[in-house]
1. Would a scan of the stretch 130-152 turn up a residue that is closer than 22 Å to Gln49 by Cβ, aromatic (Phe, Trp, Tyr) and in contact with an Asp or Glu (Cβ under 6 Å, 6 or more places away or on another chain)?
2. Within the stretch 24-42, which residues are under 15 Å from the mean Cα position of the chain (by Cα) and touching a residue at least 24 places away in the same chain (Cβ under 8 Å)?
3. Checking Ser125 against (1) touching a residue at least 60 places away in the same chain (Cβ under 8 Å); (2) buried (at least 23 other Cβ atoms within 10 Å of the Cβ); (3) not in a helix (DSSP H, G or I), which single condition isn't satisfied?
4. Which of the residues spanning the stretch 128-175 are of a type in the set (D, E, K, R), outside any loop (DSSP other than H, G, I, E, B) and modelled with pLDDT under 95?
5. Need a quick list: helices (runs of 4 or more DSSP H) entirely within the stretch 14-82 having at least 1 residues that are modelled with pLDDT of 95 or more and closer than 24 Å to Arg109 by Cβ.
6. Just a yes or no: is a residue in the stretch 1-10 part of a loop (DSSP other than H, G, I, E, B), under 18 Å from Ile122 (Cβ atoms) and out of contact with any Gly (no Cβ under 8 Å at 6 or more places or on another chain)?
7. Can we say Val85 is part of a helix (DSSP H, G or I) and either modelled with pLDDT under 95 or farther than 19 Å from Thr118 by Cα (or both)?
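The values are calculated or read from the model by the stated rules, or taken from the named source; none is laboratory data. Nothing here was measured: the structure is a model prediction, and the numbers come from that model. Counting neighbours? That spans all protein chains shown, and the Cβs are built from the backbone with ideal geometry, glycine included.
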Amino acid sequence: MVVDFDAIVSIDLINEFVTGRLGRPKFKRVVRATKELIQKSGKFAILVQDSHGKEDPEMRVWGEHAMEGTGGSETVPSLKGIARVIKKRSYDAFFETTLEETLKQRGARKIVFCGVVTDICIVHSVASAFFRGFLPIVVEECTDTYSSGQKRRTLDYMRKNYGAKIISLTDIIGK
């Protein structure tokens, strides 16, 4: 491994954001790359996933999506059982979840982030990780958003403002 890290946090690789109303066909590549990363790295991994109630603030912006107890909030089939699941109710994977505690219990400091959507849940989670003292790393092939230009701007923003290392999947698993 070229890049050393302690854990993987995958965000929102659920039915709603891959094949559902808010999904895009290109997000399936993120699922494949993330699965490869988890399997080949052998590192501890957590799938943090939207699971909303009707009163969650995001409902005002996006409407009902990934509602708790529905198929939309479930892990995409190819990632089921591959990692521990933590449910979230906001953009930030750390907000009112057990993510921070779970990572600290394992002694994790350098965290690889993957998933969708780069300019919403990924950036908010990377910011939160930074403010909690973690060292964020983002794997380009393991994240995406609706616009490639917006993805590039957000990756640059995370690098500049949170010191996130932006790397390639090959930096971890080789060619």
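1. no
2. Phe27, Arg29, Val30, Val31, Arg32, Ala33, Thr34, Lys35, Glu36, Leu37, Ile38
3. Ser125 satisfies all of (1) touching a residue at least 60 places away in the same chain (Cβ under 8 Å); (2) buried (at least 23 other Cβ atoms within 10 Å of the Cβ); (3) not in a helix (DSSP H, G or I) except (3).
4. Asp171
5. Output list reads 27-41.
6. yes
7. no
Residue-wise test of (1) basic (Lys, Arg); (2) within 24 Å of Ile173 (Cβ to Cβ).
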{"site": "Lys88", "(1), (2)": "yes, no"}
{"site": "Phe94", "(1), (2)": "no, no"}
{"site": "Glu100", "(1), (2)": "no, no"}
{"site": "Lys110", "(1), (2)": "yes, yes"}
{"site": "Val117", "(1), (2)": "no, yes"}
{"site": "Val126", "(1), (2)": "no, yes"}
{"site": "Gly133", "(1), (2)": "no, no"}
{"site": "Glu141", "(1), (2)": "no, yes"}
{"site": "Thr145", "(1), (2)": "no, yes"}
